[in-house]
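Worksheet: the structure to be examined is printed underneath.
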């Protein structure tokens with residue numbers, strides 16, 4: 001997964017009603033040269049309006065918003081501008097709300113209090129067309145996404161591939177997996193591709209779901 005660079009800028013709209021969180025996000029994101037905050041909306045209605053006007057790459061969206069909640073706002077933004085990537089940033093960790101947010105079209109889900117590195121990993125995954133789930137909520141969500149699949153359908157995974165898969169299930173990015181296993185990012189990328197091929201899935205989230213449902217990890 002390629003991290004965005006100054007040549008590949010991210011224009012971010014923050015939709016959040018808490019002034020302290022607004023300020024914290026703006027200050028945190030300003031430390032990345034390739035990220036610019038193009039606007040801040042204090043409710044879901046304004047979030048939709050500003051997304052249509054400003055056309056950011058990324059919308060950081062809370063769920064509990066005045067006038068129009070974040071789930072409904074996400075649906076409206078995605079209906080009008082499906083190319084905009086939406087990263088939910090919420091204190092809500094109830095399974096029903098997380099699944100509702102993802103079903104509404106959110107591309108990533110982070111829990112408030114996450115560090116800036118994980119938030120940037122969510123931005124990068126969303127920008128690249130992948131789904132990112134905060135490690136705090138990943139397992140509870142993934143367990144309910146797909147029915148069990150017999151292990152016998154899969155080619156056996158190597159010991160190293162299983163190590164990588166376990167960290168994928170925890171929601172770690174390729175660079176984080178590389179650091180944990182003392183591997184190069186390219187080696188991890190190769191292992192991830194091999195895992196997805198063996199499990200016959202199209203992305204990391206499906207690989208993690210299959211791993212949980214079949215007891216591979």
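What follows is calculated from the coordinates using simple rules that are stated; it is not laboratory data. Since the model is a prediction, treat every value here as computed from it, not as a measurement. Positions of Cβ are backbone-derived with ideal geometry, glycine not excepted, and every protein chain shown enters the neighbour counts.
List of remarks:
- Which label in (i) 0.95; (ii) 0.98; (iii) 1.06 gives the computed Rg/Rh (Cα atoms, Kirkwood Rh): (ii)
- Simple spin-label estimate for residue 95 and residue 187 in nanometres, 7 Å along Cα-Cβ: 3.7
- Isotropically averaged projected area of the stretch 33-107, using the convex hull of Cα atoms (one quarter of hull area), nm²: 4.9
- Relative contact order of the stretch 145-214, pairs being alpha-carbon contacts under 8 Å that are 6 or more residues apart, as %: 47
- Stretched out straight at 0.36 nm per residue, the stretch from residue 34 to residue 72 would grow longer than its current Cα-Cα span by 10.8 nm.
- Dividing the summed -39500 (n - 2.57) terms of all DSSP H runs of n ≥ 4 by the residue count of the chain sets its mean residue ellipticity at 222 nm at -15000 deg cm²/dmol.
- Cα-based helix-to-principal-axis angle, 159-169 vs the chain, degrees rounded to 10: 20
- In percent, rounded to a whole number, the relative contact order of the chain is 15, using alpha-carbon pairs under 8 Å and six or more apart.
- Cα centroid separation, the stretch 117-132 to the stretch 84-113 (Å): 13
- Tilt relative to the chain, helix 204-214 - C-alpha long axis, 0 to 90 degrees, to 10: 50
- Distance between the pseudo-spin-label points of residue 26 and residue 79 (7 Å out from Cα toward the beta carbon): 3.0 nm.
- For the chain, the longest principal axis of the C-alpha atoms and the axis of helix 185-199 are separated by about 70°.
- The label-point distance for residue 11 and residue 116, in a model that sets each label 7 Å from Cα toward Cβ, rounds to 2.3 nm.
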